[in-house]
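The values are calculated or read from the model by the stated rules, or taken from the named source; none is laboratory data. Keep in mind the model is a prediction, meaning the values are calculated, not measured. Quick reminder, even Gly has a Cβ in these numbers, built from the backbone with ideal geometry, and neighbours come from all protein chains shown.
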Amino acid sequence: MVGRIPQSFIDEVLNRTDIVEVIDTRVPLKKAGREFKACCPFHDEKTPSFTVSQVKQFYHCFGCGANGTAISFLIDYEHMEFVEAIEELARRAGLEVPKETTGKQTQAPSTLPHYALLERVADYYREQLRSHPQASRAIDYLKQRGLTGDVAARFNIGYAPPGWENLAAALNADNTVRKQLLELGLTVEREKGDGSYDRFRDRIQFPIRDRRGRSIGFGGRVLDDSTPKYLNSSESPVFHKGQELYGLFEARRAVRKLERILVVEGYMDVVALAQFDINYAVATLGTATTHEHLERLFRTVPEVVFCFDGDRAGREAAWRALENTLPVLRDGREARFLFLPDGEDPDSLVRKIGKQALEQQIASATHLSEFFFERLTSRLDINSIDGRARLVTDAKPLLGTLPDSTFRQLMVEQLAALAQTTVERITGRLEIPLPETTTAAAPQARPVRQSTGKSPVRQALELLLYQPSLAAEIQQPDFLQHCDVAGVPLLVEVLELLRQHPDLSTGAVLEHWRGREESRFLSKLAHWNPPLDDLELVADLRGHLNEIQLQYIENRINFLGSEQSQRQLSRAEKQEYGELLLQSHKVRQN
């Protein structure tokens, strides 16, 4: 905990913050490979040496050495105090800043009273579904769609009755509340400035909730064929359509360990699927799937399945989703596309074929790579030289947006096979580095990187800061708890933090050491990247841990050997000495 703001809240703020967006609004950035670059704002230079990593949520200048997180940037660039920087990032994320005093956590007075008002509005809509004279139309509609009261209650579904000024009257709204209703997009100001009227009228109301379960806006669906079929709250201080997903909070609450999320079109699709116990569907809020949506989804699950109509319009929408997905497809992330039969939506299809059959279709949905090449080749004659050349030309800007990863390399190999050319030629045209070449010699154990002269502790920390998720891939060795090798206590602390909080970005990890002596050392390590995309980072980390263990064993062997030359070792020490020699041999074999 830094200052009076809980560390858990700082983690959440950074989890909802994109450092690229924070910096780009102040210092324009340009994409450079998997990172972003600019001339450093902290010293004069003509050649850009200031880099920002979206994956790590960390910036570093190779010229002056400035580095840090989104919080650090606001402190250094905007000259904010630490608390001011947190408040600014929290405001962008629509969060209230809690405080800790005397060891107990209390909630600070909200700087966004809109949340409390939104809950009152949600309560009002729910009550109207139960008691309004015309609510029977809404109830009949929901029953017709097969919804039970339990599912309606789980999603807090309500009803906005007909009429123009119901909301303000029901809330006994004074001028302050009326102004807040306008700010939240729940009412609309009349053209002549003569008061306001309700945005939602005679609609079924779906509260849109953030990750903490707070209502941040509403979506309303008509009960007939009038338009627009779906109507959302307008942008507000707490609601940003391009960042929020309907049903994500409910999915996280319903499924203990989410492995897959299905992205559908509308609120009713999400709710109807939940009725059939398919509790991992979400919907965008009248917008295409954005970068922010995708980052949020992939931080939650490794696999995202997009559900679209199978007609031309649906496939065009799917292609736009593919284009937006490519830049976030790091290793360990997978995207698929489920195309529905003509005239069907997820709601109607699940009623027709049932949960099991639909989930089988979801599980076998088209892989992004398959859709990618199917789309590009369908318009070309790849049996001709011209067609194959055009294929490479069309694929170039798209594959260039992929992060450096195994997936990108495999996509390049597939493109080379379809174009009947070599990976080297494709790679050269796309300006993608080739993987390290390997010889045909017999396979050997992968050597740990030691040519740099760095200690294995330092190299292990570099790997963990480069890819914090590696901590979940290994079992922390018991010997580390009593190892006297320099730097091991810090390594243990980092491993334990990442075991408790596996979703932390590099930037969020560094914030746990703000104000401590180790902070500068860790920040220095955080800008390290592997020379090329490395497919065996876990093996490297295990190798470094083996080296640390070997160093610890040899230190102990040397100590006992030195003691033996001066005195008679005890029986326990002799036994330990022998065990250490055997252990040293085993570790070397690994």
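Details
- The listed residues are Leu223, Leu245, Leu262, and the only one of them that is at pLDDT 85 or above and surrounded by fewer than 22 Cβ atoms within 10 Å (Cβ to Cβ) turns out to be Leu223.
- Exactly one residue out of Ala460, Ala419 is at pLDDT 85 or above, crowded, with 16+ Cβ neighbours inside 10 Å and over 33 Å from the mean Cα position of the chain (by Cα), and it is Ala419.
- Of all residues in segment 120-174 being assigned to a loop (DSSP other than H, G, I, E, B) and touching a strand residue (DSSP E or B) at 6+ places or on another chain (Cβ under 8 Å), the one that is nearest to Leu248 (Cα to Cα): Phe155
- From the options Lys355, Lys396, residue that is in the same structural domain as Ala283 (by TED's automatic domain parsing) and within 31 Å of the chain's Cα centre (by Cα): Lys355
- Considering only residues in segment 364-385 that are touching a residue at least 40 places away in the same chain (Cβ under 8 Å) and either within 29 Å of Val270 (Cα to Cα) or of a type in the set (Asp, Glu) (or both), the one that is surrounded by the fewest Cβ atoms within 10 Å (Cβ to Cβ) turns out to be Arg375.
- For segment 14-42, a residue qualifies if it is outside any helix (DSSP H, G or I) and either touching a residue at least 40 places away in the same chain (Cβ under 8 Å) or of a type in the set (Phe, Trp, Tyr) (or both), and the qualifying residues are Arg16, Thr17, Asp18, Arg26, Val27, Gly33, Arg34, Phe36, Phe42.
- Odd one out for Arg190 among (1) in contact with a strand residue (DSSP E or B) (Cβ under 7 Å, 6 or more places away or on another chain); (2) surrounded by 12 or more Cβ atoms within 10 Å (Cβ to Cβ): (2)
- When Ile261, Ile278 are screened for being among the β-branched types (Val, Ile, Thr) and outside any strand (DSSP E or B), only Ile278 passes.
- In the set (1) crowded, with 21+ Cβ neighbours inside 10 Å; (2) among the β-branched types (Val, Ile, Thr); (3) modelled with pLDDT under 95, Val301 fails one condition alone, (1).
- Test: residue in segment 43-58 that is touching a Ser or Thr at 6+ places or on another chain (Cβ under 7 Å), farther than 24 Å from Gln243 by Cα, part of a strand (DSSP E or B) and outside the structural domain of Thr506 (by TED's automatic domain parsing): no
- Hey, Leu495 in a helix (DSSP H, G or I), free of Cβ contacts under 8 Å to residues at least 60 places away in the same chain and either out of contact with any Cys (no Cβ under 6 Å at 6 or more places or on another chain) or farther than 26 Å from Phe298 by Cα (or both) or not: yes
- The set of residues in segment 397-412 that are surrounded by 15 or more Cβ atoms within 10 Å (Cβ to Cβ), in a helix (DSSP H, G or I) and not polar (S, T, N, Q) comprises Leu398, Leu399, Phe407, Arg408, Met411, Val412.
- Selected residue (only one of Asp331, Asp347, Asp309 is over 11 Å from the mean Cα position of the chain (by Cα), over 22 Å from Phe373 (Cβ atoms) and modelled with pLDDT under 90): Asp347
- Residue satisfying condition, being assigned by TED's automatic domain parsing to the domain that holds Ile278 and either over 27 Å from Gln54 (Cβ atoms) or exposed (fewer than 15 other Cβ atoms within 10 Å of the Cβ) (or both), within set Pro327, Pro341: Pro341
- Residues of segment 325-358 satisfying the condition of being outside any loop (DSSP other than H, G, I, E, B) and in contact with a Cys (Cβ under 9 Å, 6 or more places away or on another chain): Phe337, Leu338, Phe339, Leu340, Pro346
- Residues being surrounded by fewer than 17 Cβ atoms within 10 Å (Cβ to Cβ) and either farther than 18 Å from Gly543 by Cβ or modelled with pLDDT of 55 or more (or both) - total across segment 439-457: 6
- Scope segment 175-192; condition assigned to a loop (DSSP other than H, G, I, E, B) and either in contact with an Asp or Glu (Cβ under 9 Å, 6 or more places away or on another chain) or at pLDDT 90 or above (or both); matching residues: Leu184, Gly185, Leu186
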